[in-house]
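Step one of this worksheet: look at the structure below.
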Amino acid sequence: MKSVVILGTGGTIAGTGHDPDRSWQYRAAQLSVSQLVDAVPELKGVPLEALQVAQIDSKDMSWAVWRALGQALQTQLAREDVAGVVITHGTDTLEETAYLLHRLVGGRKPVVLTAAMRPATAPDADGPANLRDAVRVVQEAARRGLGGVVAVLHGRIWAGSQVRKAHSSALDAFDGGGRLPLAVLDETGAWREAITPWPVSGKAGCLPLSAEPPRVEIIHSHADADGWMVQAVLAHARQHGPLKGLVLAGTGHGTLHQGLEAAVTQAVAQGVTVWRSSRVARGGVSSREGDVLAACGELTPSQARVALMLYLLGV
Ligand code: ASP
């Protein structure tokens, strides 16, 4: 039987608190990934290897951690004796990492991200069940010959390109931005029928992560958005290094306050690539004839930022 490799990066799933009755008071990224595995009785006897790639609260995610994760993935997925990989992650930026890896990691082996909304010390800790499910999904996906990047959370499998955090505190915190999950798991972590087809991930590989990240910022459109923020980043960039891209989190279908529009035109004239996403949770932004600023489809603004960085790196 081939092994499942579990790459730990921290997050609430590895978090601990002192008072189980105040489970919201805790520190993320305290337990090692081996300790997380040891806490799941159903994983005893399963061929597993646990490797610590990082130990962070994922609100502090960085390109450097993505680079380390990419290197570890590349090494582990190339091994003949490995069925696939689980990544334990924080929930806060899981959608960015999932989308990034979806774009980079193709092939026949499954990569499953999982996380938890409660620390390991909480009475209703959801990490152990999510980790167990994630391992089972790797085993089952490998058996079915399904590769690609997905997330397994609260009994559902989400496409890595669509998954996003949709609730700041509920145990059932993720959705697909209006898209259905790929499958629903039963109480043993198995799934029978796929609801939607398994996604095909990108094939670029993780090499682009060894490049320096191009600077891309996100700016919201809102009442009184008069372009002040755009002017501020352009001025800052003149002193501290080039701004390569801007993602606009627009209103509705990616529309912009007229004040913001004028400033964005100036940014484009200075060579900044500007893309439009929406601050609305569902529906996304599709392209229209005569569009000056590219539309980001159903990506969240933070996923769109990843997409623009990859575009600027030639991926
Ligand atoms: N701040 C935590 C993190 O993203 C939240 C979590 O994991 O739920 O690492």
- Computed, not fitted: 222 nm per-residue ellipticity of the chain from DSSP H runs ≥ 4 (each -39500 (n - 2.57)), nearest 500, equal to -8500 deg cm²/dmol
- Query: Anyone know which of 229, 117, 61 comes out most mobile in the 10 Å Cα GNM of the chain?
  - Reply: 229
- the stretch 78-157: spread of alpha-carbon positions along the three principal axes, whole Å, largest first, is 38, 24, 21
- Message: Beyond 23 Å, how much of the Cα-Cα pair distribution for the stretch 1-127 remains, as a whole percent?
- Response: 29 percent
- Note on the structure: Taking only the alpha-carbon atoms of the chain, the convex hull volume per residue, in cubic angstrom, is 137 Å³
- Task: Taking the convex hull of the Cα atoms, report for the stretch 57-117 its projected area averaged over all directions, in nm².
- Result: 4.1 nm²
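Compute the normalised compactness of the stretch 70-215: alpha-carbon radius of gyration over 2.2 N^0.38 Å, N being the residue count. Present the calculation step by step, with values, prior to reporting the outcome.
On the way: Rg = 14.6 Å, N = 146, 2.2 N^0.38 = 14.6 Å.
Here the Cα radius of gyration is 1.00 times the empirical estimate.
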- Query: For a label point 7 angstrom out from the Cα of residue 231 toward its Cβ, which stretches of the stretch 242-268 have the backbone nitrogen within less than 17 Å?
  - Reply: 257-268
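Take each of the peptides 178-188, 9-19, average the number of other beta-carbon atoms within 10 Å over its residues, and list them starting from the highest. Present the calculation step by step, with values, prior to reporting the outcome.
Numbers: 178-188: 16.4, 9-19: 22.9.
Answer by packing, highest mean first, reads 9-19, 178-188.
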- Task: Report the FRET efficiency, 1/(1 + (r/R0)^6), for residue 270 and residue 1, where r is their Cβ-Cβ distance and R0 is 45 Å, rounded to 0.05.
- Result: 0.20
- Task: Give the calculated FRET efficiency between residue 253 and residue 22 to the nearest 0.05, with a Förster radius of 41 Å applied to their Cβ-Cβ distance.
- Result: 0.45
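Estimate the FRET efficiency between residue 44 and residue 311 by the formula 1/(1 + (r/R0)^6), using the beta-carbon distance for r and 45 Å for R0, to the nearest 0.05.
On the way: r = 45 Å, r/R0 = 1.00.
Step by step, r from the Cβ atoms, then E = 0.50.
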- Query: In the stretch 73-138, which GluC sites (Glu not before Pro) fall in coil by DSSP and have 12 or fewer other Cβ atoms within 10 Å?
  - Reply: 80
- Choice from 58, 302, 23 with maximal GNM fluctuation in the chain (Cα, 10 Å cutoff): 23
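Calculate the all-directions average of the projected area of the stretch 148-194's alpha-carbon convex hull, and give it in nm².
On the way: hull surface 13.6 nm².
So the mean shadow area of the Cα hull is 3.4 nm².
Highest first, please rank the peptides 40-51, 275-286 by the mean number of other Cβ atoms sitting within 10 Å of their residues. Can you show the working numbers first?
Numbers: 40-51: 14.5, 275-286: 18.8.
Highest-to-lowest ranking by the protection proxy: 275-286, 40-51.
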- Task: Taking 7 Å along the Cα-to-C-beta vector as the label spot, tell me the residue 238-residue 289 distance in nanometres, rounded to one decimal.
- Result: 4.0 nm
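Computed from the coordinates by the stated procedures, all read-outs in this text should not be read as laboratory data. In this text the structure is predicted, and so the values were computed from the model without any measurement. A quick note on method: Cβ atoms are made from the backbone with ideal geometry, for glycine too, and the neighbour counts reach across all protein chains shown.
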